[in-house]
Amino acid sequence: MAAFTGADKTNIARVLEEQVSEYQENMGDAVVSIAFHDLKGKIPDFSIQGQKPGWSASIIKVPVMIETFGAIDRGEISLYDELIVDHCYTLEPIDHVSTLPMGTGITVDELLHHMIVASDNEATNMLAERLGLEKINQTAETLGTKRTMLAHLLAPNVPRLYTSWNEEGSNLTTAEDMTALLTAIYTNRAATPESCATMRKILEKGGGTILGKYLPYGTTIGGKV
């Protein structure tokens, strides 16, 4: 990837900022946001428009996963509890869960994997409805987010939550907020160490498809695309 030629630990922020600026210029009105945190503390944190809120799309599934494990840690649910498929909130009929027969039982563990690894929207809605949107948002805020909000389920014609900074009731987040949430998972602050370890395994099943092409072979990648 020629855009990153010459980047190293001392100038990665500057090189990325130059490339992001060029990319945005070439893409017209595109907005690119990046936030970086080195878990080993060898490279200083940096952010490129990292505080700018934008539509979260499927990365809003990360705080849903975190609150799911919070509920597990509190004994409110377990990985082996079954939720019943009712197709009340379907976005993409081709999602795996959306193809299941009405009344099918599916475990929380299966829903988590479908949600993060395959980006299944109905799996997300089943978990989010069970947990409560307000609780998901509260947990994300507790972990350091400032402009992250799951305001509605991922389906048409559903109720929305509104705040003074989210007057349209959109699903929003920022690069810095997502970095904070992923850091909390990788430093065992998002839940119990056991739950964080399980979250990392799930993230690492689905995180390397795109990013892995541009990083050294064998790099561990946990992410949500």
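General remarks:
- Lys pairs, the chain - Cα-Cα below 12 angstrom, 8 or more residues apart or on other chains: 4
- Against the main long axis of the alpha-carbon atoms of the chain, helix 175-186 sits at an angle near 70°.
- Extension reserve of the residue 73-residue 40 stretch, reckoned as 0.36 nm per residue once the Cα distance is removed: 9.2 nm
- Crossing angle, helix 108-117 versus the chain [Cα axis fit, 0-90 degrees, rounded to tens]: 30 degrees
- Euclidean distance between Cα centres, the stretch 4-48 to the stretch 128-183, Å: 25 Å
- Furthest towards positive pole of dipole, 115, 187, 145, structure part the stretch 74-225, Cβ charges: 187
- Taken about its Cα centre, the stretch 33-178 carries a charge dipole of roughly 520 debye when the Cβ of each Lys and Arg holds +1 and the Cβ of each Asp and Glu holds -1.
- Angle between the chain longest axis and helix 121-131 axis [Cα atoms, degrees, rounded to 10]: 70 degrees
- Approximate spin-label separation residue 21-residue 163, in nm, with each point projected 7 Å along Cα-to-Cβ: 3.2 nm
- Of 103, 89, 56, farthest towards positive along the dipole that unit charges on Lys, Arg, Asp, Glu beta carbons give the stretch 41-143: 56
- Peptide packing for 21-29, 43-51, 97-105, 175-183 was compared via the average number of neighbouring C-beta atoms within 10 Å per residue; ordered from the highest value, the list is 175-183, 43-51, 97-105, 21-29.
- With all protein chains kept in place, the per residue accessible area of the chain amounts to 55 square angstrom at a probe of 1.4 angstrom.
The values are calculated or read from the model by the stated rules, or taken from the named source; none is laboratory data. Just so we're clear, the structure is a prediction, and the values are computed from it rather than from any experiment. Every residue, glycine among them, receives a Cβ derived from its backbone with ideal geometry; neighbour counts consider all protein chains shown. The accessibility values were calculated without ligands, DNA or RNA, using every heavy atom of the protein model including side chains. Shrake-Rupley method; radii C 1.70, N 1.55, O 1.52, S 1.80 Å.
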